[in-house]
Structures are given as C-alpha cells and as structure tokens.
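Peer 1: I am attaching a structure below and will ask some questions about it afterwards.
The values are calculated or read from the model by the stated rules, or taken from the named source; none is laboratory data. All figures in this text were calculated on a predicted structure; none of them were measured in a lab. Cβ: placed from backbone, ideal geometry, glycine included. Neighbour counts: every protein chain shown.
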Amino acid sequence: MVLAPATPFGLVVGLAISESEMPAWLGQVGSFAVFAGAAQLTMVTLAGVSAWWAVVLAAMVINLRHVMYSVAVAPAFTRQPAWMRFIAPTVLIDQQFALVSQRLDHDPAAFRTYYLWAGGTLLVGWQFMTLAGIVVGPTIPTDWRLGFAPAVMFCGLVVIGVKDAANAVAAIVGLTVGLVAIDLRDRLGIVVGAVAGVTAGYLADLLIDRRGAGASVSTSAVQS
C-alpha cells in the first residue's frame, strides 16, 4: 500500500538520473546511500550546475522534516538495543514514519521486527523504482507534469496517517500548501508544506485540548 504512491516518485528520480550528467550507476548507488527521494531528486538536479556545498545544503534543508520524525518516534527507541538505534535512522523516511508512528506503544521486540521489515521493504522497493525510472524514463513524454510526483506520494501518506482531528488538519493543510508551493526552487515546496502541516496540526491540537478542558469544567459545574 505504501509503495504504491511512492512508485511515480521513484520513476521521477530515475528519469532525472537518466537526463542528468550523472552516470546511471552512480545515480542508482545514490538511491541506496541517500534513500530520501526529495533530497536525492534535488541533488541529481543540481549536480553539475551548482557548487557542491549548495547541493548539500539544499538536501539538508529538504530533509529537515526528518528531525521532526526522529523526535516523534524517539520514545519507542529508549527500549531498543544500541545496534537498532544505530541503523534505524537509515530507513526513517516519510512512508516509514507514517507506518511506525501508529505502533510506538507496541512490545519492543514486535516493534523492532515490524520496523525492520517495513524499512527493508521500502529500501528494496525504492531501488527497483529508481532503476525502472532510469531504464524506461527516456520513453516518458516530457510534457507530463512529473513535478507533482512528490505530492502524489504525500497523498498516500495522508490516507494512512490520519488518526484524529488534529492529524487530519495537519495532513490537509500540509498537502494543500505543498501543492501550492510545488514550483518553488530546490523542492522547497515539500519543506514548506511539512512546516505548514505541523504548525496547523499543533494549533488544532491546542484548540481541541482547550475545548475539551472547557467542556470538562462545564460538566463539573453542572454536576455541582
């Protein structure tokens, strides 16, 4: 289910590799070493036309959302062995976060098995997607709006990531802002959408908590 919305994004990355000055084999190795679609797409796009530090900086900015992911799942890793905490960040991508964030309270062993199984599946699947993009990419019409592939991926995350009203607000706002900002340079639309979504979700959560507290006070007053 999670691989499906990521498929067009993987094809886009493969297409970008095939059209860049980067050797195809190096681009494929990058899919394994980087394993962050938006960052990899930006690096492929900017490679050869920007200074190396600009490429690295752009990739770091785009991946800022992974800091938020790490903070959110950190409590579950306090019960994991050191080797697990060492390798887990490698596969903590958007789809992985959407899956494991709903299982943070599971038994440590069960959580570890699921995390590794899901992350390994995504990692292997991504290699096939980008390889397919490299092979068949040149046959895709150039007038297709492939820039919307990242938004397609986030649509899939919305479907599996919404658990309550605050998450729904975050998902809708993040997706909408991401689509509006899709044409920003260096794929910054994804970062803008992520920040907008997190902010909206946080404010919605505060509002819901305040209303809940007000309702509790009113109920207590009535009972008194």
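Peer 1: With (1) surrounded by fewer than 12 Cβ atoms within 10 Å (Cβ to Cβ); (2) in contact with a Pro (Cβ under 8 Å, 6 or more places away or on another chain) as the list, and residue 117 as the residue in question, which single condition is left unmet?
Peer 2: Of everything listed in (1) surrounded by fewer than 12 Cβ atoms within 10 Å (Cβ to Cβ); (2) in contact with a Pro (Cβ under 8 Å, 6 or more places away or on another chain), residue 117 misses just condition (2).
Peer 1: Within the group 61, 67, 13, 29, which residue is under 25 Å from residue 196 (Cβ atoms) and either more than 14 Å from the chain's Cα centre (by Cα) or not in a helix (DSSP H, G or I) (or both)?
Peer 2: Of the residues listed, the single one that is under 25 Å from residue 196 (Cβ atoms) and either more than 14 Å from the chain's Cα centre (by Cα) or not in a helix (DSSP H, G or I) (or both) is 13.
Peer 1: Determine if segment 78-88 includes at least one residue that is at pLDDT below 90, among the β-branched types (Val, Ile, Thr) and in a helix (DSSP H, G or I).
Peer 2: Within segment 78-88, none of the residues are at pLDDT below 90, among the β-branched types (Val, Ile, Thr) and in a helix (DSSP H, G or I).
Peer 1: Hey, another quick one. Here's a check for you: in segment 92-118, which residue that is modelled with pLDDT under 90 and β-branched (Val, Ile, Thr) is nearest to residue 9 (Cα to Cα)?
Peer 2: 93
Peer 1: Just name the residue that is modelled with the highest pLDDT out of those in segment 182-224 that are of a type in the set (Val, Ile, Thr) and over 18 Å from the mean Cα position of the chain (by Cα).
Peer 2: Within segment 182-224, the subset of a type in the set (Val, Ile, Thr) is 182, 190-192, 195, 198-199, 208, 217, 219, 222.
Now restrict to residues that are over 18 Å from the mean Cα position of the chain (by Cα): 208, 217, 219, 222.
Numbers: 208: 76, 217: 49, 219: 54, 222: 50.
Checked segment 182-224; the qualifying residue modelled with the highest pLDDT is 208.
Peer 1: Given (1) among the hydrophobic types (A, V, I, L, M, F, W, C); (2) modelled with pLDDT of 65 or more; (3) surrounded by 14 or more Cβ atoms within 10 Å (Cβ to Cβ); (4) in a helix (DSSP H, G or I), where does residue 124 come up short, assuming only one miss?
Peer 2: Failing condition for residue 124: (3).
Peer 1: Sticking with this structure for a sec: Would you check which residues across segment 152-172 are surrounded by fewer than 20 Cβ atoms within 10 Å (Cβ to Cβ) and either at pLDDT 55 or above or not in a helix (DSSP H, G or I) (or both) and list them?
Peer 2: Listed by number, the residues that qualify are 162, 163, 164, 165, 166, 167, 168, 172.
Peer 1: With respect to residue 22, determine if the residue is at pLDDT 85 or above, among the aliphatic types (A, V, I, L, M) and in contact with a helix residue (DSSP H, G or I) (Cβ under 8 Å, 6 or more places away or on another chain).
Peer 2: Against the criterion (at pLDDT 85 or above, among the aliphatic types (A, V, I, L, M) and in contact with a helix residue (DSSP H, G or I) (Cβ under 8 Å, 6 or more places away or on another chain)), residue 22 does not qualify.
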